[in-house]
Amino acid sequence: MSYVQRVMEGLRAKYAYQPEFLQAAEEVLFSMQPLFDKESKYEENGILERIVVPERTVEFRVAWTDDKNKVQVNNGYRIQYNSALGPYKGGIRFHPSVNQGILKFLGFEQIFKNSLTGLPLGGAKGGADFDPKGKSDAEVMRFCQAFMTELTRYVGAVIDVPAGDIGVGAREIGYMYGQYKRLTSRYEGVLTGKGLKWGGSLARKEATGFGNVYFAENMLKAVGQEIEGKTAAVSGSGNVAIYTIQKLYELGARPVTVSDSKGCIYQPNGIDLEVLKQVKEQERAPLTRYAELCKDAQYVSVADYPAGEHPVWNVGAQLAFPSATQNELTLADAKNLLFKGCVLVSEGANMPSTLDATKAFLEAGICYGPAKCANAGGVATSQLEMEQNAGMTSWTFDEVDGKLKGIMAGIFKAAHDTAEEFGKPGNYVMGGNIAGFRKVADSMIEQGVM
Ligand code: NDP
Ligand code: 2IT
């Protein structure tokens, strides 16, 4: 039995109840087999056995009172996965589906993503099974304050620096930042994605979506193609989806879909970005509201989706940007995309494609940008925010955007060159995983057994 198989068997026996974590581990570990065939030092130093286990997991009670003065209780978490390269760094997710297994998959991915940015960042993830939907501003504030009251013990500008993710945007970061400051008296870069008036970085809001399109541009360029003139399918309608769409328009593509947890929109003439921002960023309303405002938009409710398929992946788009959530793109979706001539899939969301969908893209030989490469622009720009905070300065939008572009090109080069080194040109899953892993693993060896 190979090293990878042995470690994976151990994980399967122990964590059958964490399917998303097992999925993420399987994707990373098996893609790196060629590295372990070549180098024995990782097995000799027990690197895989160590890297799959978080350095620290904190689970805590978050008790708060709702607007009717009723006590509510949620489970809060922070998983500090790996600090070989720098302070723990990764987002906070507020969604009813959050549990330890989901956060372990996200934290595990974050280790390699952060390494790929080339910046000094460890990997972490956190969150709570709190649902911000349907809550008043005051309820969200009380929840965030209660969450941060506990989290404060574990975070700090050079210890662990959380940011946003699903359900956590500028509003939630603001309430958490305020509470951290109140409890510690420290005005420091303990969170990223902050408001622009109080330490946030220009272009952080746009960074994940913009970065994903920059990564896509790099992939297309390598095969002699470009973004301009192509139609694009985008899923999700949150932070990542919105700024993916904005950059796609800037580069001359036509994004024609968006989705949320209740349904999806197909608009053959192109998504109306201003209406989308109004509905999602200001009104926080579902896409049925968007459909009311855009008469040429076709809305399909989740209840009417074909079994196991998502209509956004079946509109005949040449480019696909999954930007909602994990496992939102199945093998059936991959087949629909490929059948209708899709040439590129670039992942804004974390692990949006199922393992068999990923395999289908790799076998088809299209440009496939796995999440830890393609969506790393968000966390990379978070590091730029930390750098500005530490220097008590702020940079212009163009300065930050220019650095983001350079970082995405660097990630592309690392994934591209490593895939070639291991004899699988164009396989950015293998290239990205090995390039991200090697830096962390070598640092762990140099830092000793812990
Ligand atoms: P938002 O909360 O802003 O938006 C999430 C979007 O995805 C919403 O449209 C939401 O619909 C939809 N969605 C969430 N869960 C589900 C679900 N179970 N089924 C269907 N749709 C769903 O989050 P972000 O845009 O920040 O995050 C989107 C993805 O990008 C996530 O996978 C996240 O981990 C990843 N990511 C985010 C980064 C960032 O900087 N924000 C950086 C890198 C990756 P609804 O509103 O109806 O729930
Ligand atoms: O998944 C991710 O990379 C994020 N949610 C962003 C993390 C960060 O620290 O900016």
Contact order normalised by residue count of the range 169-306, Cα under 8 Å, 6+ apart, percent: 16
For peptides 115-128, 314-327, sequence by mean Cβ density within 10 Å, most packed first: 115-128, 314-327
Stretchable slack from K413 to E387, in nm (0.36 nm times residue separation minus alpha-carbon distance): 7.0 nm
Cβ charges +1 (Lys, Arg) and -1 (Asp, Glu), total dipole of the chain, debye: 880
Rounded, prolate or oblate (a/c below 1.5 giving rounded, otherwise prolate when a/b exceeds b/c) for the range 147-227 by Cα gyration tensor: prolate
Estimated 222 nm signal from helices in the chain, with DSSP H stretches of n ≥ 4 weighted -39500 (n - 2.57), rounded to 500: -14500 deg cm²/dmol
For G209, net neighbour charge (Lys/Arg +1, Asp/Glu -1) across residues whose Cβ lies under 15 Å away: -1
DSSP beta bridges in the chain [antiparallel fraction, %, rounded to 5]: 60
E309-D296 pseudo-label distance in nm [points 7 Å out on the Cα-to-Cβ vector]: 2.6
Accessible area (Å², 1.4 Å probe, nearest 10) - K413: 120
Label-to-label distance, nm, for residues given as E228 and A170 (7 Å Cα→Cβ offset): 3.2
Theoretical gain in end-to-end length, D137 to D442 [0.36 nm per residue, Cα-Cα removed]: 105.2 nm
Distance from the range 410-429 to the range 318-394 (C-alpha centre basis), Å: 16
Y249 accessible area, assembled protein chains, probe 1.4 Å, Å²: 80
Equivalent ellipsoid dimensions for the range 314-440 as semi-axes, Å, which come from the Cα gyration tensor, largest first: 29, 18, 12
Entries in K135/K340; K89/K405; K104/K277; K359/K439; K14/K340 that, when Cα-Cα distance is taken, lie over 29 Å: K135/K340; K104/K277; K14/K340
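The values are calculated or read from the model by the stated rules, or taken from the named source; none is laboratory data. Keep in mind that what you see is a predicted model, and the values were worked out from it rather than measured. Don't worry about glycine lacking a Cβ; one is built from the backbone with ideal geometry, like all the others, and counts go over all protein chains shown. Note: accessible area is taken over every heavy atom of the protein model, side chains too, but ligands, DNA and RNA are not part of it. Shrake-Rupley method; radii C 1.70, N 1.55, O 1.52, S 1.80 Å.
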